[in-house]
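Values in this text are rule-based calculations from the coordinates and carry no lab data. Values in this document were obtained by computation on a predicted structure and should not be read as measured data. As a convention, Cβ positions derive from the backbone with ideal geometry for all residues, glycine included, and neighbour counts pool all protein chains shown.
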Amino acid sequence: MRLELPRMGHEVTVCPDGTTAVAALERNSYDCLLVDLDMPGYNGIDVIAKAKELSPEAESIVLTGKSSLETAVAALRHGSFDYLTKPCRLVEIESVLQRVSQKIELTNKYRAVKQRLERIEGTSELIGRTPAMEAVRRLIGKVAPTESTVLVLGETGTGKELVARAIHDQSLRAEKPLVAINCGALPENLIESELFGHRRGAFTGAEEHRTGLFEVADGGTLFLDEIGELPKSMQAKLLRFLESGEIRRVGENESITCDVRIVCATHRQLDEMVAQGEFREDLWFRINTFEIALPALRDRMDDVPLLAEVLARRFRQGVRSSEDVFSPEALDALSEHCWPGNVRELANVIEHALILCDSGRVLPEHLPNRFASRRLRPTAVRLPSGQTLREMEMQAIHESLDRHDGNKPKAAEELGISLKTLYNKLNQAAELQKSA
């Protein structure tokens, strides 16, 4: 091995005994250890155990002349990658080293992808120092270590998925998957297959077996965003899972058990939907075990400069503070806006401004046109006492429509919501007026 493995591209260190091997591990790091079991000083199992302490990412391959099941089990229990019986051929050693190299390559790729996703999505840290956000963090800290179902409430763009991610990251399931799905983004005829999976031939177009998101999230957390959009038929199936822990794939008769924690979120008033017969009351009680209400951005305006700094850091490298990016006038303009689209709207505005200003500081003229045409002062968002959330929402919608002469696409863009959502809110308001 000392002569041949370097010719195959490997760097080799030879140690005559276990004590020397442990000393080498203390000086250098290695990708792989080929370890004999019977050695003077430290034996092979001892060396593997020391390697896990000194170089946790190193893989171990055990070489031994004792081809007993007990020996193999002992080596595998201590984390060895593979087990070869002497005398072994060089081609066998090279084959297992290639598999070690492939594992290292995959691990490095995974870490690179994870880092890129973290840069794009940000971490699960909730940004804000206002009392409202401190209260949210305290609630997350209380509920995360439990197995309770959580319902996250908040307007569109407030960061409900970020709360779900924080709950998962602080839970005992943090090493398992967090799977997110928007219940309103899938057609009704596909959502059952998406959640529970299907067998081949279960319906037209089901040409192969599909694993559902419940199975993908097994052991971890399933985040059901916009739970209020879930069809009534699927509400019954979700309730069955919450009560029994079992799901049934489309086209199969047998149920399977999944260990999944459910976190739900919605911007809708589920109690009103229950009263109107649009949402099952028993399901509402099941998912509302623990409730976390996210404040709108207009209710924590003191966090705007800090959020702007964090978002600017995400879009541009080298940002240390908001003063490095935004002029005082631009920060004032951001702090005076009412942010009907919440943090999502703020992120879009900052990205827009950073594109226009190249690498310089953001000035008021780099902000979207609506900031130049109308500056909303803090007094503009002090709504009359006793006004409901729905009334506040509709006031913001009508003000936006007035500013854009009834142009709904432009109003939806300003509000930070989709055109479909805008139409839905207007239709709901019209139906409420008729029923009144």
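Between LYS425, LYS50, LYS109, the GNM of the chain built on Cα springs shorter than 10 angstrom shows LYS50 fluctuating the most.
3J(HN,Hα) along region 343-357: 5, 4, 5, 4, 4, 5, 5, 5, 4, 4, 5, 5, 5, 6, 8 Hz, from the Karplus curve 6.51 cos²θ - 1.76 cosθ + 1.60 with θ = phi - 60°, whole Hz, x for Gly and Pro. Ranking of PHE315, PHE285 by neighbouring Cβ atoms within 10 Å, starting from the fewest: PHE285, PHE315. Quick one, which of (i) 0.97; (ii) 0.95; (iii) 1.09 is the actual Rg/Rh (Cα atoms, Kirkwood Rh) calculated for this model? The listed entry that was calculated here is (iii).
Figure legend: label point modelled 7 angstrom from the Cα of GLU92 along Cα→Cβ; residues of region 1-41 with amide N under 18 Å from it are 1-2, 4-5, 33-38.
Averaging the Cα positions of each part gives two centres, and for region 178-245 and region 1-47 these lie 50 Å apart. In plain terms, the chain from ARG77 to ALA23 could stretch by 17.1 nm, reckoned as 0.36 nm per residue minus the Cα-Cα distance. Over the chain, dividing the summed -39,500 (n - 2.57) contributions of all DSSP H runs of at least 4 residues by the number of residues returns a 222 nm mean residue ellipticity of -14500 deg cm²/dmol.
Ranked by Cβ crowding within 10 angstrom, fewest neighbours first, how are VAL143, VAL325, VAL250, VAL263 ordered?
Numbers: VAL143 20, VAL325 25, VAL250 16, VAL263 29.
Fewest to most other Cβ atoms nearby, the residues stand as VAL250, VAL143, VAL325, VAL263.
The long axis of helix 232-244 is offset from the longest Cα principal axis of the chain by roughly 40 degrees.
Antiparallel as a % of all DSSP beta bridges within the chain, to the nearest 5? The partial results should precede the final answer.
Details: 4 of 32 bridges.
Bridges in the chain are about 10 percent antiparallel.
Run the dipole for the chain about the Cα centre, Lys and Arg Cβ at +1, Asp and Glu Cβ at -1, nothing else charged, and hand back the magnitude in debye, nearest 20. Around 260 debye, computed over the chain.
Pull out the extension gain between GLU351 and LEU426, defined as 0.36 nm times the separation in residues minus the alpha carbon to alpha carbon distance; nm, one decimal. Mind dumping the intermediate values first?
Values: separation 75, 0.36 × 75 = 27.00 nm, distance 2.90 nm.
So the extension gain works out to 24.1 nm.
Between GLU329 and ARG390, the modelled labels are 4.4 nm apart [label points 7 Å from Cα along Cα→Cβ]. When the Gaussian network model of the chain links Cα atoms closer than 10 Å, the mean-square fluctuations of LEU54, LEU126, LEU224 top out at LEU54. Taking a sphere under 14 Å around the Cβ of TYR30 and counting the other residues whose Cβ falls inside, with K and R at +1 and D and E at -1, yields a net charge of -3. Only Cα pairs within less than 10 Å get springs; with that Gaussian network setup on the chain, which residue of ARG27, ARG344, ARG300 has the largest fluctuation? Looking only at ARG27, ARG344, ARG300, the largest GNM fluctuation is found for ARG27. Phi angles of region 95-102 translate, via the Karplus equation with coefficients 6.51, -1.76, 1.60 and θ = phi - 60°, into HN-Hα couplings of 5, 6, 5, 5, 5, 4, 4, 5 Hz per residue; Gly and Pro are given as x. Relative contact order for region 131-295: 34 percent, from Cα pairs under 8 Å spaced at least 6 residues apart, divided by residue count.
Using Cα-Cα distances under 8 Å and only pairs 6 or more residues apart, what relative contact order does the chain have, in percent? Can you show the working numbers first?
Working: 595 pairs, mean separation 50.5, N = 436.
After rounding, I find 12 percent.
What is the angle, in °, between the Cα long axis of helix 389-403 and the longest principal axis of the Cα atoms in the chain? Nearest 10 is fine, range 0 to 90. Here the helix axis deviates by roughly 70 degrees. The count of lysine pairs in region 5-118 whose Cα atoms are under 28 Å apart, excluding pairs fewer than 8 places apart on the same chain, comes to 13. Fewest-first ordering of GLU155, GLU192 by other beta carbons within 10 Å of each residue's beta carbon gives GLU192, GLU155. Placing dummy labels 7 Å off each Cα toward the beta-carbon, the span from LEU419 to THR211 is 3.9 nm. For LEU33, the residues whose amide H sits under 5 Å from its own are GLU59, SER60, ILE61, ignoring neighbours fewer than 5 places away on the same chain, with H placed 1.01 Å from N.
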